[in-house]
Amino acid sequence: MNQQPPQAASAEKSRVLIFDTTLRDGEQSPGASLNLPEKVEIAHALEALGVDIIEAGFPITSPGDFDAVKTIAAQIKRATVAGLARCTERDVRRAGEAVEHAAHGRIHIFLATSKIHREFKLKKAKAEIIRLAVENIRMARNFVKDIEFSPEDASRTELEFLGEVVAAAISAGATTINCPDTVGYASPGEYRAMFEYLIANVPGAGNVIFSSHCHDDLGLAAANSLAAVQGGARQIECTINGIGERAGNAALEEIVMAMHTRPDVFPFTTGIATRRLVPTSRMVSSLTGLHVQRNKAIVGENAFAHESGIHQDGVLKERSTYEIMSPEDVGLVQNKLVLGKHSGRHALRERLEVLGHRLDESQLDKAFEQFKILCDKKKEIYDEDLDTLVEQQLETIESLFQIRNLQVMASTGGVATATVTLVDSSGQEITDAATGDGPVDAMFSAIQRITRISARLDSYQVRSVTAGREAQGEVTVEITHSDRKVRGRGFSTDILEASARAYLAAINRVRTLTRRTIGQATPLEQ
């Protein structure tokens, strides 16, 4: 049995714990599924960022999710690693097994409490809700002492009953009480008042940490989270870039920088290394395929851009006229040339570590090999190019098929044809050809013929990784196979090759998911 981590800082009235659920709630965004190496890479980046608690997944949902939580729990040493569980014995035991080897493990149990959820989803009376909460919290303490309890849809739960449930959870041994705004319904004033009421009226409230978990359906997730802290909460649950169910979750970077920039209004501190915000944002965006909107606060491409002549003149004279934060404070640096074809393996490793990537010797060897190939294709290598090298290593670890050769023929008004050679996991080469409505369609059809997987293409996006004619192109595709949405990404200086790589990556994900035993439960939001 592991022990609760020392969190002396959390007892300080001004210290706010950051609970990141990018790998759980964030991954529930449609098309944002991550493989195990990608999840581990993000987990290490979150720990380096200074996140206090990493919710690594929902162990009962699938063997893949269980393995992810278990692997991350075994590797992360400073941050607490949490596994989510519904209020059932099977869920709690599975979560306990997943975090049993964590240096600091937590089981996060949730159970709906609002009237609408009690009547239409759970069909349970109030007394039954309280009994289930108490029984499962007590059982969870057999695995870890760090137990978080969430009354789902707390913001729409009757305050008196919410107080009863929270009191029972504290009495049963919960150490953190999270009161989520599950559907993004609350206003800041209402949400703050809920925490103030619970802290003032619930027996034992002073012995636990209260937490917020906000969704952004009305665009109020960050504001509500900050209001919760003003009301006494000392943990905020959030995600990188605000990704998550529906309109997403509260964005970690927005909350942290609001406190950093306005200590007069929010006199609180976190353990976040703010200069790692932009690199972490870019990593999560690239690995999930969920691109950040240009005008996104803190980490968007336009966050520190000034086009208006008046703004430009003001910033040149005094930055604070139009910039309330320093770009350097969030880790935003100019797009610099960092390496070239004469750079060695050691230089590559050092730069990757600066960017937050961790590669073992085998992965570094492959990345260096691809780095040299890329140097032959383009003269200038930027940080973003290095990010793609690492991401390709994470993407190909579970590859069942790899591209050996592509040959495409197309002409205006004519029929496009593509001949594709793939190598399967046994090393066998398979070649097939197909026609299509354009070269990309022809390639995708040929890949389907070889892999024998038919899927519907739902989304096809192309963007430039860096600037210039030699820039790498990134292609992101989303396909549907057997009612399951799957995403794939591909990179190359040749956009057709990038397209084929992206589509094949999605097909590989389908094959990998099909091989696993899926679905002991359906992922549920809080």
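Derivation of every value follows stated rules applied to the coordinates shown; laboratory data play no part. Bear in mind that the values here come from a model prediction, so they are computed numbers and not experimental data. Neighbour counts are summed over all protein chains in view; Cβ atoms, including those assigned to glycine, are modelled from backbone coordinates with ideal geometry.
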For this session: For H215, list long-range residues whose amide hydrogen, built 1.01 Å from N in the peptide plane, is under 5 Å from its own amide hydrogen.
Result: D181, G184
For this session: With an 8 Å cut-off on Cα pairs and a minimum separation of 6 or more residues, tell me the relative contact order of the chain in percent.
Result: 13
Problem set entry | Folded to 0 to 90 degrees: helix 36-49 orientation relative to the chain principal axis, Cα | 60
Exercise. Can you give the charge dipole size of the chain about its Cα centre, rounded to the nearest 20 debye, using +1 on the beta carbon of Lys and Arg and -1 on the beta carbon of Asp and Glu?
Worked result: 820
Seminar exercise, completed: If K366, K77 are placed from fewest to most neighbouring beta carbons inside 10 Å, the sequence is K77, K366
Seminar exercise, completed: Diffing the range 236-241: the Karplus 3J(HN,Hα) column from phi (6.51, -1.76, 1.60, θ = phi - 60°), in whole Hz with x for Gly and Pro, holds 10, 9, 7, 9, 5, 6
Exercise. From the square roots a ≥ b ≥ c of the eigenvalues of the alpha-carbon gyration tensor of the range 337-395, which class results: rounded (a/c under 1.5), prolate (a/b over b/c), or oblate?
Worked result: rounded
Seminar exercise, completed: Yeah, the range 360-452 with a ≥ b ≥ c from its alpha-carbon gyration tensor (a/c under 1.5 is rounded, else prolate when a/b outruns b/c, oblate otherwise) is oblate
Seminar exercise, completed: Given (1) 71, 53, 43; (2) 73, 61, 44; (3) 92, 51, 49 as possible values of Cα extents along the principal axes in Å, the one from the coordinates is (2)
For this session: Enter the angle in degrees (range 0 to 90, nearest 10) between the Cα long axis of helix 126-140 and the first principal axis of the Cα atoms of the chain, meaning the one along which they spread out most.
Result: 70
Exercise. Sorted from fewest to most neighbouring beta carbons within 10 Å, what does the list D441, D52, D20 look like?
Worked result: D441, D52, D20
Problem set entry | Angle between the chain longest axis and helix 89-99 axis [Cα atoms, degrees, rounded to 10] | 60
Problem set entry | Spatial separation of Cα centroids for the range 107-139 and the range 228-270, in angstrom | 27
For this session: For each pair in K123/K485; K341/K366; K39/K485, compute the distance between the two Cα atoms and list the pairs where it is over 26 Å.
Result: K123/K485
Problem set entry | Alpha-carbon centroids, the range 169-224 and the range 345-417: separation in whole Å | 44
Problem set entry | Helix-only mean residue ellipticity at 222 nm for the chain, each DSSP H run of n ≥ 4 adding -39500 (n - 2.57), per residue, nearest 500 | -12000 deg cm²/dmol
Exercise. Which shape class applies to the range 407-454: rounded if a/c is under 1.5, otherwise prolate when a/b exceeds b/c and oblate if not, where a ≥ b ≥ c are the square roots of the Cα gyration tensor eigenvalues?
Worked result: prolate
Problem set entry | For the range 245-257, Karplus couplings with θ = phi - 60° (6.51, -1.76, 1.60), whole Hz, Gly/Pro x | 3, 6, 7, x, 9, 4, 7, 3, 5, 5, 5, 5, 6
Exercise. What ranking do S482, S499, S14 get, fewest neighbouring Cβ atoms within 10 angstrom at the top?
Worked result: S482, S14, S499
For this session: Give a residue-ordered list of calculated ³J(HN,Hα) values for the range 179-189 (Karplus: 6.51 cos²θ - 1.76 cosθ + 1.60, θ = phi - 60°; whole Hz; x for Gly, Pro).
Result: 10, x, 9, 4, 10, x, 8, 6, 9, x, x
